[in-house]
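K.L.:
Got a structure for you, questions after.
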Amino acid sequence: MNKITYFLLVLAMIAWGETWVSAKILGNYLSADELIFWRFFFTTIGMIVVLILLKIDMKESKKEIFIALISAILLSLYNKFFFLGTKYGLASFGGVFVTVMNPIFTFLFISLLYKTLIDKVEKVGLLLGMLGGAFMLKIWNLNLEIFSLGNIYFLLAALTWPILTITSGKQNMKSAILFSFYMFLFTTIIQLILIDFNITNIFKFDFKFWINILILSLWGTTFATTVYFYTVDKLGSKIASSFFFLVPLSAIIFSKVFLKENITLPLIIGGFLGLIAVYILNSRKKVAINKK
């Protein structure tokens with residue numbers, strides 16, 4: 001049974017890494033707001049199937065529903081930065097920088113918010129994380145490349161995720177999968193209400209669009225999210241998160257193969273330092289890790 005669980009977990013990590021490439025490709029078709037809607041529209045449909053198969057009761061208290069709604073607003077904002085970052089920046093950079101810096105910033109935000117003491121080992125982890133981020137940004141160049149639109153949006157995404165993590169961490173639904181469903185559903189509704197677009201436009205697009213939107217939503221979100229929470233329940237968060245290195249690694253590989261992006265040495269070094277930092281911090285405290 002564990003072998004199947006581990007295999008599914010590996011697939012989930014790879015799926016999260018691939019989402020950066022699909023997002024980059026989809027940016028040529030629709031605006032960020034439209035992509036957020038379609039991503040979570042199809043994801044929500046997929047989650048309904050999951051809930052039915054797992055026989056999860058959808059009834060929840062108003063308090064938990066409200067937390068899911070607030071989390072959905074933050075998820076919409078995060079995805080706005082996610083899609084704009086991939087549109088103007090490199091998918092490989094975002095796939096490494098954001099996924100590595102998310103848990104590091106989350107750890108730092110939680111420590112500051114709850115005023116918890118940071119011991120020497122944790123300080124080393126944070127230092128390595130910041131050093132890794134500096135390498136990825138090639139901060140020594142001190143040129144305009146650091147402040148490019150893509151990099152700014154990726155940084156904003158990494159800074160938004162801790163707020164979402166802290167907010168969603170207050171929920172106490174019967175299942176994390178159920179909470180994800182409500183959060184994805186509300187994100188879809190929010191986008192539908194706030195943006196003005198022709199909902200029939202997607203039927204004009206080619207196969208490339210459809211395969212990537214379905215990969216992003218059903219494979220990279222519905223499947224990966226469900227499997228991750230399933231494996232956390234079976235294996236524990238510490239073991240599940242130890243597979244985290246596969247996310248930036250797969251993002252780099254897919255970006256190189258499908259987008260022909262140039263993978264720089266600073267990105268590899270920075271990503272490696274960041275992964276060490278995440279390992280150190282995750283082994284000390286439970287830090288929620290986003291993969292996409």
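K.L.:
Restricting attention to segment 42-60, and to residues there that are of a type in the set (A, V, I, L, M, F, W, C), in contact with a helix residue (DSSP H, G or I) (Cβ under 7 Å, 6 or more places away or on another chain) and within 15 Å of Leu214 (Cβ to Cβ), which single residue is surrounded by the fewest Cβ atoms within 10 Å (Cβ to Cβ)?
P.N.:
Phe42
K.L.:
If Ser283 satisfies all but one of (1) assigned to a helix (DSSP H, G or I); (2) farther than 16 Å from Gly129 by Cα, what's the number of the condition it fails?
P.N.:
So the condition that Ser283 fails would be (2).
K.L.:
Restricting attention to segment 161-172, which residues are touching a Phe, Trp or Tyr at 6+ places or on another chain (Cβ under 6 Å) and surrounded by fewer than 19 Cβ atoms within 10 Å (Cβ to Cβ)?
P.N.:
none
K.L.:
Among the residues in segment 60-75, are any out of contact with any Cys (no Cβ under 7 Å at 6 or more places or on another chain), closer than 27 Å to Ile199 by Cα and in a loop (DSSP other than H, G, I, E, B)?
P.N.:
No, every residue in segment 60-75 fails to be out of contact with any Cys (no Cβ under 7 Å at 6 or more places or on another chain), closer than 27 Å to Ile199 by Cα and in a loop (DSSP other than H, G, I, E, B).
K.L.:
Are there any pairs, at least 6 apart or on different chains, whose C-beta atoms fall under 8 Å, with the first in segment 35-55 and on the phi > 0 side of the Ramachandran plot and the second assigned to a helix (DSSP H, G or I) and of a type in the set (A, V, I, L, M, F, W, C), and if so, which?
P.N.:
none
K.L.:
Taking segment 140-164, which residues are modelled with pLDDT under 85, farther than 20 Å from Thr86 by Cα and of a type in the set (A, V, I, L, M, F, W, C)?
P.N.:
Trp140, Leu142
K.L.:
Here's another thing I want to ask about it. Which ranges mark the helices (runs of 4 or more DSSP H) fully within segment 183-264 that have 2 or more residues being out of contact with any His (no Cβ under 9 Å at 6 or more places or on another chain), crowded, with 20+ Cβ neighbours inside 10 Å and among the hydroxyl-bearing types (Ser, Thr, Tyr)?
P.N.:
Values: elements: 207-214, 224-235, 237-241, 246-259.
By residue number, 224-235, 246-259.
K.L.:
From the list Phe109, Phe83, Phe97, which one is under 18 Å from Phe272 (Cα atoms) and either of a type outside the set (A, V, I, L, M) or part of a helix (DSSP H, G or I) (or both)? Before you say what the answer is, go through the steps one by one.
P.N.:
Numbers: Phe109 fails: under 18 Å from Phe272 (Cα atoms); Phe83 fails: under 18 Å from Phe272 (Cα atoms).
Residue meeting the stated conditions: Phe97.
K.L.:
Restricted to segment 14-34, and to residues that are surrounded by fewer than 24 Cβ atoms within 10 Å (Cβ to Cβ) and not polar (S, T, N, Q), which residue is farthest from Leu84 (Cα to Cα)?
P.N.:
Applying the filter and picking the extreme gives Ile14.
K.L.:
Quick one: would you say Ile73 is surrounded by fewer than 24 Cβ atoms within 10 Å (Cβ to Cβ), closer than 21 Å to Thr226 by Cβ and β-branched (Val, Ile, Thr)?
P.N.:
Values: surrounded by fewer than 24 Cβ atoms within 10 Å (Cβ to Cβ): yes; closer than 21 Å to Thr226 by Cβ: no; β-branched (Val, Ile, Thr): yes.
The answer is no for Ile73.
K.L.:
When you go through Ala158, Ala176 one by one, which is the residue that is over 18 Å from Gly270 (Cα atoms) and surrounded by 14 or more Cβ atoms within 10 Å (Cβ to Cβ)?
P.N.:
Values: Ala158 fails: over 18 Å from Gly270 (Cα atoms).
Just a single option satisfies the conditions, and that option is Ala176.
K.L.:
Moving on to the next point. Residues to consider are Met183, Met173; find the one that is under 26 Å from Ser61 (Cα atoms), more than 16 Å from the chain's Cα centre (by Cα) and not acidic (Asp, Glu).
P.N.:
Details: Met183 fails: more than 16 Å from the chain's Cα centre (by Cα).
After applying the criteria, what remains is Met173.
The values are calculated or read from the model by the stated rules, or taken from the named source; none is laboratory data. Owing to the predicted nature of the structure, the values given are computational and were not obtained by experimental measurement. Reconstructed Cβ throughout: ideal geometry from the backbone, glycine too, with neighbour counts over all protein chains shown.
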